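Only the coordinates and a few stated rules stand behind these numbers; no lab work does. Nothing here was measured: the structure is a model prediction, and the numbers come from that model. Backbone-built Cβ (ideal geometry, glycine too); neighbour counts: all protein chains shown.
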Amino acid sequence: MLYQLYESQRAMLSPFSEFASASSKLYSHPLSPFAHTPLATRVSAGLDLMHRLAKEYEKPEFNITSVKVNGTDVAVQEQVAVEKPFCRLLRFKRFTDDVGLLTRMKDQPTVLVVAPLSGHHSTLLRETVRQLLIDHKVFITDWTDARMVPPEAGPFHLDDYIAYVQDFIRHVGPEVNVISVCQPTVPVLAAISLLASNGEFTPRTMTMMGGPIDARKSPTAVNNLAMNKSYEWFENNVIYRVPTNYPGGGRRVYPGFLQHTGFIAMNPDRHLKSHYDYFMDLMQGEDESVEFHRSFYDEYNAVLDMPAEYYLDTIHTVFQDFSLVNGTWEVKGQLVRPQDIKTTALLTIEGELDDISGAGQTRAAHDLCSGIPSSRQFHYDVEGAGHYGIFSGRRWREDCYPQVRDFIASHQDETGAPKKRASRATAAAAAKTGGTAKATKPVAPKRAR
C-alpha cells in the first residue's frame with residue numbers, strides 16, 4: 001500500500017513540478033516582461049527550487065563520449081557486452097585514428113568495475129570510469145531497477161549476484177582486474193573465492209574500496225541499523241510490491257524512495273543547507289555552483305528498487321550472521337573460502353572519514369585472504385576522504401586513483417610475480433632533479449601501515 005501511495009503522490013506532484021519549472025523560466029528569461037519586475041530573481045529561484053524538490057529523477061546517463069589518453073582526445077562508445085535480466089555488463093570502447101596510440105591502448109590493463117546494487121545507479125561511478133579510461137580498458141556492471149524486471153524473470157538472490165559476477169569475470173577473461181566499490185566487496189570476494197576453490201582462473205588483481213567485509217569493525221549508523229533490527233523487521237517494514245503500472249508489477253522489492261529517505265535522514269542538516277545555498281546561488285547568479293548542485297542531486301536523487309530476496313540476503317549474511325568472516329557462508333551448497341585465492345593481488349582502500357563503511361571493515365579482507373603472499377597484499381588509507389571521496393572528486397583523482405593505477409600496472413604478468421616499475425609521481429620527481437627513479441611499490445604493504 002505504501003508504494004501505491006507514493007506513486008499517487010508522485011503523479012499528483014508531477015504537474016505542479018512542471019508548472020514551477022515553466023514559471024521559473026517566465027521570471028528569469030531576459031525577453032520576458034516578468035523578469036524585470038521587483039523580486040523576479042527571488043521568485044524565479046524559489047520556483048526552480050520547488051521544481052527540483054518535486055520532480056521525478058530518472059536514471060542519468062554516463063555521458064562519457066571522449067577521454068584524454070596521453071594528451072590526445074580519444075572517442076568513447078558505450079557498448080553492451082552481456083545482458084542479463086537484472087544487469088548489463090557495459091564496455092566503454094575507445095577509438096582513435098592514431099595507430100601508435102591504438103597499439104598502446106590495446107596493451108593497457110583490463111578493468112571490471114563492479115558497481116554497488118544499493119540504491120543508486122551505476123552512473124554514480126561515472127567519474128571513477130572516466131578516470132580509469134585514461135590508462136585502462138573498462139567494463140562496468142549496470143544493475144537494472146527491479147521494478148522494470150518482469151516477475152517472469154524469477155527472484156534475484158545474493159547467490160545470483162555472485163553468479164553474475166563470476167559470469168562477467170569469465171566473459172572478460174584471465175587478464176581482468178576487478179574493482180569493487182562499497183557493497184559489492186563482499187559478493188565479489190565470495191565470487192573470486194569460489195572460482196579459486198573450483199580451480200578456475202582468478203583475476204590478476206582485486207581492488208576493494210570502502211566495503212563491509214567485516215561490518216563488526218568500527219560500526220557506523222548504517223551498520224547499527226542492520227545489526228539492531230531483526231530479519232523479520234526488515235521483511236515486514238521495508239519490503240513492498242511494485243505497482244502494476246511497471247513491468248515488474250507484483251515483484252517484492254526494497255523501494256528506491258525508501259532508500260532515498262534513509263540517505264537524506266543520515267544528514268538532513270547538510271541537505272537542507274545545500275538546498276538553501278542553491279537558492280542563494282540562483283539569486284546571485286553563481287552559475288558554476290548552481291550547475292554543480294544540479295549535477296550532484298540529479299545523480300543523488302535517482303534511485304532504483306532492489307530485489308527483496310537480494311536485500312534480505314545481504315542483511316542476513318553480511319550484517320547479522322557475518323558469514324564471510326566467520327567462515328560459515330555457503331553459496332549453493334559450497335563453502336566460501338577466501339584462503340583458496342593464491343595468485344590474485346589484493347589492494348584495499350578506505351576513506352579516513354567514511355561514515356558508511358567504518359575503519360577496518362574493508363581491510364579485514366587481508367586476514368581472510370591468507371593464501372595470498374604478503375608481498376601481494378596492499379592497503380591504502382585516503383586521508384580526509386569520506387565514503388564518496390574514495391571514488392569521486394579531487395581526492396579520487398589526485399590521491400586514490402594513482403594508487404589503483406600503479407597497483408594494477410605492477411601486477412600484469414601471468415606468472416604471479418609483480419612487475420616493479422617506478423610510479424609516475426616518483427618518475428616526475430626524479431626528472432625534475434635529474435636523478436633516477438627507483439622501482440617502488442604502489443602502496444605500502446598492510447603490515448607496514
Using Cα pairs under 8 angstrom and six or more residues apart, how large is the relative contact order of the stretch 298-365, in percent? 14 percent
Can you give the angle from 0 to 90° between the axis of helix 185-197 and the longest principal axis of the chain, with both taken from C-alpha atoms, to the nearest 10? 30 degrees
Please compute the contact order of the chain in relative form: average sequence separation of alpha-carbon pairs under 8 Å and at least six residues apart, divided by the residue count, as a percent. 16 percent
Of A215, A146, A265, which is the most mobile in a GNM of the chain whose springs link Cα atoms less than 10 angstrom apart? A265
Degrees separating the helix 40-54 axis from the principal Cα axis of the chain, which is the longest one: 60 degrees
Find the all-direction average of the projected area of the Cα convex hull for the chain, expressing the result in square nanometres with one decimal place. 24.8 nm²
Which cross-chain or sequence-distant (5 or more) residues have an amide H under 5 Å from the amide H of S370, H modelled 1.01 Å from N in plane? Q339
Taking the Cα centre of the chain as the origin and placing charges on Cβ (Lys, Arg +1; Asp, Glu -1), which of V318, A81, V67 is farthest toward the positive end of the dipole? V67
Expressed in nm to one decimal, what extension gain is obtained for the pair L26 and F296 from 0.36 nm per residue of sequence separation less their Cα-Cα distance? 94.7 nm
Considering only T202, T96, T314, give the residue with the highest GNM mean-square fluctuation for the chain, with springs between Cα atoms whenever their separation is below 10 Å. T96
Using Cα atoms only, what is the angle between the long axis of helix 256-266 and the major principal axis of the chain, expressed in degrees (0 to 90) to the nearest 10? 90 degrees
State whether the stretch 282-388 is rounded, prolate or oblate according to the following rule on the C-alpha gyration tensor (a ≥ b ≥ c being the square roots of its eigenvalues): a/c under 1.5 gives rounded; otherwise a/b larger than b/c gives prolate, and the remaining case gives oblate. oblate
Length-normalised contact order of the stretch 160-291, Cα under 8 Å, at least 6 apart, in percent, tallies to 16 percent
Connecting every pair of Cα atoms under 10 Å apart in the chain and solving the GNM, the largest mean-square fluctuation among R130, R294, R395 falls on R294
Mind ordering 378-389, 344-355, 102-113, 272-283 by average Cβ neighbours within 10 Å, highest first? 344-355, 378-389, 102-113, 272-283
Computed, not fitted: 222 nm per-residue ellipticity of the chain from DSSP H runs ≥ 4 (each -39500 (n - 2.57)), nearest 500, equal to -11500 deg cm²/dmol
Tell me, how many Å apart are the Cα centres for the stretch 323-358 and for the stretch 21-83? 40 Å
At 0.36 nm per residue, and after removing the present C-alpha to C-alpha distance, how many nm does the segment from M148 to M280 gain when stretched out fully? 43.7 nm
Which of K137/K217; K59/K342; K25/K273; K59/K137; K137/K342 exceed 28 Å between C-alpha atoms? The answer is K137/K217; K59/K342
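If the only charges are +1 at each Lys and Arg Cβ and -1 at each Asp and Glu Cβ, what is the size of the charge dipole of the stretch 58-140 around the Cα centre, to the nearest 20 debye?
About 200 debye.
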Return the subset of K84/K106; K55/K84; K93/K332 for which the Cα-Cα distance in this structure is over 32 Å, preserving the input order. K93/K332
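For L102 and L13 in one chain, what is 0.36 nm times their gap in residues minus the Cα-Cα distance, to one decimal in nm?
27.0 nm
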